[in-house]
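These notes are about the structure you will find just below.
The values are calculated or read from the model by the stated rules, or taken from the named source; none is laboratory data. Fair warning: this is a prediction, and the values are worked out from it, not measured in the lab. Cβ placement follows ideal geometry from the backbone for every residue including glycine, while neighbour counts extend to all protein chains displayed. SASA here: full protein model, heavy atoms, side chains in, ligands and nucleic acids out. Shrake-Rupley method; radii C 1.70, N 1.55, O 1.52, S 1.80 Å.
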Amino acid sequence: GVQTCALPILALGAWLGGMLATRSRQPLLLYAFFEAAIGIYAAITPQLFNGIQSLYVAIALDSPPDAAWLTALRMGLGAAVLGVPTVLMGATLPLVFQCLRGMGIPTARAIAPLYAANVLGAAVGALVAGYALLPAVGRNGGTLLAAVISLMVALYVIDKIKRGTDGDRKSTRLNSSH
């Protein structure tokens, strides 16, 4: 169920990210924006789930619990809530690849290791979340922790961009004063 919806939405995000990456002058800043949006969305996800649960109950109240259309409704509501962050997540890797290209790193050599790290991180993250994090802090606590991590990554990237830009300005000023 979830994978049936998530994988095409991730692919849509990757397509969108690839398109934006090739058109952007600052793909790293765009990456930071997407990462921040993922974090903000994660922070409000518990409220969104409460909202779709209330909506589902209101719509399905007078229907038999085994009505076929209720399955479609559940999938549609789930896809509506999870679609936005899934598109954003799918867009991040193409933005990273574009940043590597801009740094002169051949992406053909970088793609396999980055995808491998991405897959390994997803697998390890699922294991840690399922067996350690969720039992320790619960679903909402885990979601909020993910939000904080995404926001920290976004702020780190923005800081690196700013320091790089400030460093370029300082070196330009130093070179022009001689």
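So the values come out like this:
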| item | result |
| --- | --- |
| Some residue of region 51-62 being of a type in the set (V, I, T), surrounded by 15 or more Cβ atoms within 10 Å (Cβ to Cβ) and in contact with a Ser or Thr (Cβ under 9 Å, 6 or more places away or on another chain) | no |
| Residue check for V57: closer than 22 Å to V119 by Cα and out of contact with any Lys or Arg (no Cβ under 7 Å at 6 or more places or on another chain) | no |
| Selected residue (only one of L127, L114, L133 is closer than 24 Å to G13 by Cα and not charged (D, E, K, R)) | L114 |
| Filtered residue count, region 134-165, keeping only those that are open to solvent by less than 60 Å² (accessible area, probe 1.4 Å), within 19 Å of the chain's Cα centre (by Cα) and more than 28 Å from C99 (Cβ to Cβ) | 2 |
| Residue list for region 13-25, filter: open to solvent by 60 Å² or more (accessible area, probe 1.4 Å) and over 14 Å from L100 (Cβ atoms) | W15, R23, R25 |
| Residue in region 98-106 that is basic (K, R) and touching a helix residue (DSSP H, G or I) at 6+ places or on another chain (Cβ under 7 Å) present | yes |
| Selection count, region 41-84, where residues are in a loop (DSSP other than H, G, I, E, B) and either touching a residue at least 40 places away in the same chain (Cβ under 8 Å) or under 19 Å from G141 (Cβ atoms) (or both) | 0 |
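For (1) crowded, with 17+ Cβ neighbours inside 10 Å; (2) modelled with pLDDT of 90 or more; (3) under 30 Å from V157 (Cβ atoms), each residue gets a yes or a no:
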| site | (1), (2), (3) |
| --- | --- |
| P65 | no, no, no |
| W69 | no, yes, no |
| L77 | yes, yes, no |
| T86 | yes, yes, yes |
| M89 | yes, yes, yes |
| L93 | yes, yes, yes |
| R101 | no, no, yes |
| G104 | no, no, yes |
